[in-house]
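The structure appears right after this line, and notes come after that.
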Amino acid sequence: MNKKVGSSIAVIPARGGSRRIPGKNMIEFGSKPALAHSIGVVLESGVFDSVLVSTDDPLIAECARSEGARVIDRPAALSDDYTPIQPVIVHAVDTEPQAEIICLVLSTAILLAPERLRRAHEMLLSDHSLDFVIGVRRFESPPQRGLLLDEDGLVSMQSPEMFDKRSQDLPILFHDAGQFAFGRREAWVSGKPSFTSRTRAIELPRWEAVDIDDPEDLVFAKLLFKLQNRQ
């Protein structure tokens, strides 16, 4: 039998500043801001006792409350471009002492299927040796055959020994999909890195895992959103 656990909460970091895409969290997809869609994904999963949005921005806070999330006021010390995610999560979960399972959900996870969160939650509950369950994507091309460009645009191989290797003979590699990370409270609080802890993964398809980091990502995400929502 599964050991009874405390509550499960989702934390969505959504600060106001964004240099590459100003106002990223509030950019509209259809009739709602990106953040509202992400909160909707979390709520639709049905596995969380509460949803926390950590922000330093009044407009984001207003949006979060209107969508049913609880707002955590993030201090300026945790709101700059260089703040890692772990102290932001710890700051938020300090307000939920009963929470044992914490899921980081990115504020732009608008295309994520709620069943991925349900599955990850089940995986963490069923295996008590796990620290984390994360969403991953496979590299579209083998990174072992990656190319470098010098200042003149001339090509060289990062790993020349891979020149004669066929792509199909290389192991498939994955990267963090930038959508969610479920973890146990002690793993988050102690600062365990999810990539080097006991972590299982759920592979996400391309159309669910667009990490919106630059304007090109945003264009791609909007196109996928329209296709999936028939808008």
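The values are calculated or read from the model by the stated rules, or taken from the named source; none is laboratory data. Please read all numbers here as calculations on a predicted model, not as lab measurements. Neighbour counts run over all protein chains shown; Cβ positions are idealised from the backbone, glycine included. Note: accessible area is taken over every heavy atom of the protein model, side chains too, but ligands, DNA and RNA are not part of it. Shrake-Rupley method; radii C 1.70, N 1.55, O 1.52, S 1.80 Å.
Annotation: of all residues in the stretch 68-92 being of a type in the set (S, T, N, Q) and more than 16 Å from residue 105 (Cβ to Cβ), the one that is least open to solvent (accessible area, probe 1.4 Å) is 79.
One residue alone among 107, 66, 7 is touching a Phe, Trp or Tyr at 6+ places or on another chain (Cβ under 9 Å) and hydroxyl-bearing (Ser, Thr, Tyr), and that residue is 7.
Any chance the stretch 64-84 includes a residue that's among the aromatic types (Phe, Trp, Tyr), closer than 26 Å to residue 195 by Cα and at pLDDT 95 or above? For the stretch 64-84, residues among the aromatic types (Phe, Trp, Tyr), closer than 26 Å to residue 195 by Cα and at pLDDT 95 or above: absent. Residue 17 meets the conditions (1) over 15 Å from the mean Cα position of the chain (by Cα); (2) at pLDDT 95 or above in every case but one. The failed one is (2). The set of residues in the stretch 23-36 that are among the polar types (S, T, N, Q) and open to solvent by less than 40 Å² (accessible area, probe 1.4 Å) contains only 25. Does residue 126 satisfy the condition of being in contact (Cβ under 8 Å) with a residue 60 or more places away in the chain, among the polar types (S, T, N, Q) and farther than 30 Å from residue 35 by Cβ? When the stated conditions are applied, residue 126 passes them. For the stretch 196-231, a tally of residues being assigned to a helix (DSSP H, G or I) and closer than 19 Å to residue 107 by Cα returns 17.
I need the full set of residues from the stretch 90-119 which are part of a strand (DSSP E or B) and β-branched (Val, Ile, Thr), in order please. Hits for the stretch 90-119 are 101, 102, 105.
From the list 171, 193, the lone residue that is free of Cβ contacts under 8 Å to residues at least 40 places away in the same chain and under 19 Å from residue 105 (Cβ atoms) is 193. Quick check: is even one residue across the stretch 167-181 of a type outside the set (Gly, Ala, Ser) and surrounded by 17 or more Cβ atoms within 10 Å (Cβ to Cβ)? The answer is yes; a qualifying residue exists.
Filtering 65, 20 for residues that are outside any loop (DSSP other than H, G, I, E, B) and open to solvent by 80 Å² or more (accessible area, probe 1.4 Å) leaves a single hit, 65. Inside the stretch 143-186, residues that are part of a strand (DSSP E or B) and more than 17 Å from the chain's Cα centre (by Cα) make up a count of 6.
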